[in-house]
Amino acid sequence: MSTDTGTLSPAASARGVPRAATPPRAPLAAGPALPYPGGGERASPARRLAPALAALGVSAADAQALERDARTRLVAQGQPVFQRSDVAHTVVVLLQGDVALGVALADTQFRPERLVHAPAWLDLASAWLDTTFPLDARALSPVAVAEWPLDVLSPLVERRPTLARTLIDALAAQVRALALNTHELMHKDAPARLAAWLHQRCVPRPGVPGQAVVQLHERKRDIASQLAITPETLSRLMRSFMQQGVLEVSGYTVHVLDPAALAALADGQTSPCAG
């Protein structure tokens, strides 16, 4: 794959955010049947609740208590999961699919700031503050979400200290991640931001000790938006990293040949030309 292509995902056209006008928000209920890999067209979102909660560190007993009061729904690709104008009355968890958090602009375009892959807490904070959601959430694929109104969740938290601790840990992790992201945007140059973005997503490369791999799921312009750079700058930086022998790109997979060098770039120890 050339880094000058318009997308960094094999399903970019299918997963990209539509440019059409934003449709009205789906009701807080089970939506229409949507295709889910491995789940069948009419697979209930509730079936995905237990494994998603377990992946988020919720104990089996706490997950059982949450399942009883969960309100689940499906959201079609391109539709809003929630909007900044909505007052947050629920805590929201993403059970399956991909969601972009960002800003829906007046010209019907969407500017993503962060992409979330299930399972994940999509908004764990706003309902406790009785305020609006801080960002718009747009489904990049068919997604399943579960929600708990605060008047249901709050008594559960009071009765179940282990659940309270799990939610506190999740909130603390989110605050730390946002603080680190803010620091990088304010104090790191473009090469260091891209290197850090890649380094955070590295997993060991199967069968190749000492190397790592990053699977790209987002479009190039969506990655660039997260890093506050242009798509053209992103392409130039990727080429620069390749020329230095730090990584190579094969299709929509980034093979990190020298993880230590990538980590050094992320720390700003070297500064390849951003173009």
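The values are calculated or read from the model by the stated rules, or taken from the named source; none is laboratory data. What you see is a predicted model; the values in this text were computed from it and never measured. Reconstructed Cβ throughout: ideal geometry from the backbone, glycine too, with neighbour counts over all protein chains shown. Protein only, heavy atoms only, side chains kept; ligands, DNA and RNA dropped before computing areas. Shrake-Rupley method; radii C 1.70, N 1.55, O 1.52, S 1.80 Å.
Assorted remarks:
- Pick from segment 149-180, criterion open to solvent by 50 Å² or more (accessible area, probe 1.4 Å) and in contact (Cβ under 8 Å) with a residue 24 or more places away in the chain, ranking: farthest from the chain's Cα centre (by Cα): Arg160
- One residue stands out in segment 236-251 among those that are over 22 Å from the mean Cα position of the chain (by Cα) and of a type in the set (Gly, Ala, Ser): the one that is farthest from Arg111 (Cα to Cα), namely Gly245.
- Hey, Pro119 under 19 Å from Ser59 (Cα atoms) and either without any contact (Cβ under 8 Å) to a residue 12 or more places away in the chain or surrounded by 14 or more Cβ atoms within 10 Å (Cβ to Cβ) (or both) or not: yes
- Complete set of residues in segment 36-56 that are exposed (fewer than 15 other Cβ atoms within 10 Å of the Cβ) and either modelled with pLDDT of 90 or more or in contact with a Gly (Cβ under 9 Å, 6 or more places away or on another chain) (or both): Pro51, Ala54, Ala55
- Of everything listed in (1) touching a Leu at 6+ places or on another chain (Cβ under 8 Å); (2) closer than 30 Å to Thr72 by Cα, the single unmet condition for Pro134 is (1).
- Arg73 meets the conditions (1) open to solvent by less than 10 Å² (accessible area, probe 1.4 Å); (2) modelled with pLDDT under 95; (3) closer than 22 Å to Ile223 by Cβ in every case but one. The failed one is (3).
- Members of segment 58-111 found to be polar (S, T, N, Q) and under 17 Å from the mean Cα position of the chain (by Cα), listed by number: Gln77, Gln79, Gln83, Gln96
- Of everything listed in (1) more than 22 Å from Arg114 (Cα to Cα); (2) free of Cβ contacts under 8 Å to residues at least 60 places away in the same chain; (3) in contact with a strand residue (DSSP E or B) (Cβ under 7 Å, 6 or more places away or on another chain), the single unmet condition for Ser240 is (3).
- Set side by side, the residues Val249, Val214 differ, and just one is open to solvent by less than 70 Å² (accessible area, probe 1.4 Å), within 16 Å of Ala266 (Cβ to Cβ) and of a type in the set (Val, Ile, Thr), which is Val214.
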